[in-house]
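Here's the structure we're looking at; comments come further down.
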Amino acid sequence: MANAQFSEVVQVAMVVPDIETAVKAWAKILGVDAPQVVETEDWEKTGMRFRGTPSRGRAKLAFFKLSNITIELIQPVGGPSTWSEFLEKHGPGIHHIAFNVDNIDDAVKELLSIGGSVEQDGKFKGGGYVYVDAKKSLGAIVELLYHEK
């Protein structure tokens with residue numbers, strides 16, 4: 001029986017150096033209108049932590065909502081973050097896959113139990129996220145998304 005917490009990938013995200021250029025290219029290849037580019041909020045609202053330390057790292061984001069999955073584009077801006085570190089080390093590319101979870105604490109524990117480590121976490125309007133670096137065990141960074149009820 002499948003683990004309900006991890007039954008559906010809802011998002012694949014790419015880190016890019018220039019979100020405007022990437023948005024235009026993705027819109028063209030997908031044959032859709034370009035989505036709005038938004039910027040993450042200030043630390044006072046997100047409480048973002050990178051490897052457990054408060055960080056003012058931010059990002060510009062764009063979301064292509066397709067019928068089966070969302071493609072997220074991320075351009076890092078500001079202070080330290082998993083996004084800026086990824087771009088520095090690897091260049092543009094797939095950063096993570098994301099799952100919506102009902103119980104964030106249980107989902108994090110499950111990923112930690114297989115050797116993952118919390119990379120970054122924060123809040124957004126209506127919920128929050130935790131990135132778990134599970135590259136050694138799963139070959140990927142996993143984002144866990146939770147939403148206020």
Qualifying positions in segment 27-40 - of a type outside the set (A, V, I, L, M) and either without any contact (Cβ under 8 Å) to a residue 24 or more places away in the chain or exposed (fewer than 15 other Cβ atoms within 10 Å of the Cβ) (or both): Lys28, Gly31, Asp33, Gln36, Glu39
Could you please find all residues in segment 10-26 being under 14 Å from His95 (Cβ atoms) and surrounded by 12 or more Cβ atoms within 10 Å (Cβ to Cβ)? Gln11, Val12, Ala13, Met14, Val15, Val16, Ile19, Ala22
When Ala22 is evaluated against the numbered criteria (1) in a strand (DSSP E or B); (2) farther than 26 Å from Val118 by Cα, which criterion, by number, is the only one it fails? (1)
Could you run through segment 88-124 and say how many residues are crowded, with 16+ Cβ neighbours inside 10 Å and either of a type in the set (S, T, N, Q) or in a helix (DSSP H, G or I) (or both)? 7
Over segment 73-102, the set of residues over 24 Å from Leu30 (Cβ atoms) and either modelled with pLDDT of 95 or more or touching a Gly at 6+ places or on another chain (Cβ under 7 Å) (or both) is Val77, Gly78, Gly79, Pro80, Ser81, Thr82, Ser84, Glu85, Glu88, Lys89, Val101
Counted residues, segment 33-50 - those being under 21 Å from Gly93 (Cα atoms) and not polar (S, T, N, Q): 6
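The values are calculated or read from the model by the stated rules, or taken from the named source; none is laboratory data. On a predicted model such as this, the values are computed, not experimentally measured, just so you know. Cβ atoms come from the backbone with ideal geometry, glycine included; neighbour counts cover every protein chain shown.
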